[in-house]
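What follows is a single structure, written as structure tokens, with notes after it.
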Amino acid sequence: MMSSASEVVIGKPVQEVFDAFTDLRKTAARLSGVSGIEILAEEPSGVGTKWRETRTVLGAPVSQIMQVETVDAPNGFSVRADNNGVICNTHFAFIPEGPGTKVRATFSVVPATFAAMFFSPALFMVATVAKSVLDRDLLDMKRAIESGA
């Protein structure tokens, strides 16, 4: 397993930050790396919610189906994506910090098939790219939430 983590402090209360992070309908507008979100459920909220996310990674469009695995509102939630034998998990924790909220995003990648295990040394690169993506996403969300977008 490879993992990485990113943090940012957002100058808004925990509930407001949690609500913004879980509002899929506004995600593409808030995240500069995301070009599209297709919600694959009637009501996009809670455990089991699925969506197809398209984003630019290393200059190329990449689409994947994401699913909410856990929700502990407003303290955090986890998202999972299965990609060709590799399971990617991201957990977002929302921690009160003064009048604002510290957001801690933790990403892990785990090989789930023999082929993925064979190529597991390459998972270090996946975790490194994920760290860069998480850093950018958290800064984008900070700007959007603090500006009221």
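What residue, among those in the stretch 40-91 that are in contact with a strand residue (DSSP E or B) (Cβ under 7 Å, 6 or more places away or on another chain) and touching a residue at least 60 places away in the same chain (Cβ under 8 Å), is farthest from V129 (Cα to Cα)?
Only one residue fits best here, namely P74.
Restricting the first residue to the stretch 13-39 and requiring it to be farther than 19 Å from R136 by Cα, which pairs with a second residue that is surrounded by fewer than 17 Cβ atoms within 10 Å (Cβ to Cβ) meet a Cβ separation below 6 Å and a spacing of at least six or different chains?
Cβ pairs passing all conditions: V14/P96; E38/R52.
Given the condition in a strand (DSSP E or B), under 23 Å from N84 (Cα atoms), open to solvent by less than 60 Å² (accessible area, probe 1.4 Å) and among the hydroxyl-bearing types (S, T, Y), answer yes or no: does some residue in the stretch 16-37 qualify?
Checked against the condition, which is being in a strand (DSSP E or B), under 23 Å from N84 (Cα atoms), open to solvent by less than 60 Å² (accessible area, probe 1.4 Å) and among the hydroxyl-bearing types (S, T, Y), the stretch 16-37 yields no hits at all.
Can you pull out the residues in the stretch 38-76 that are assigned to a strand (DSSP E or B) and of a type in the set (G, A, S)?
Once the filter is applied, which keeps residues that are assigned to a strand (DSSP E or B) and of a type in the set (G, A, S), the stretch 38-76 yields A60, S63, G76.
Read through the list (1) within 15 Å of the chain's Cα centre (by Cα); (2) over 29 Å from P99 (Cα atoms); (3) open to solvent by 60 Å² or more (accessible area, probe 1.4 Å), then give the number of the only condition that T54 fails.
Every listed condition holds for T54 apart from (3).
Return only the number of the condition from (1) under 19 Å from E146 (Cα atoms); (2) touching a Phe, Trp or Tyr at 6+ places or on another chain (Cβ under 8 Å) that S4 does not satisfy.
(1)
Determine whether E69 is open to solvent by 70 Å² or more (accessible area, probe 1.4 Å) and out of contact with any Ser or Thr (no Cβ under 8 Å at 6 or more places or on another chain).
no
The values are calculated or read from the model by the stated rules, or taken from the named source; none is laboratory data. Just so we're clear, the structure is a prediction, and the values are computed from it rather than from any experiment. Here the Cβ is made from the backbone with ideal geometry for all residues, glycine too, and neighbour counts use every protein chain on show. Surface accessibility is based on the protein's heavy atoms, side chains included, excluding ligands, DNA and RNA. Shrake-Rupley method; radii C 1.70, N 1.55, O 1.52, S 1.80 Å.
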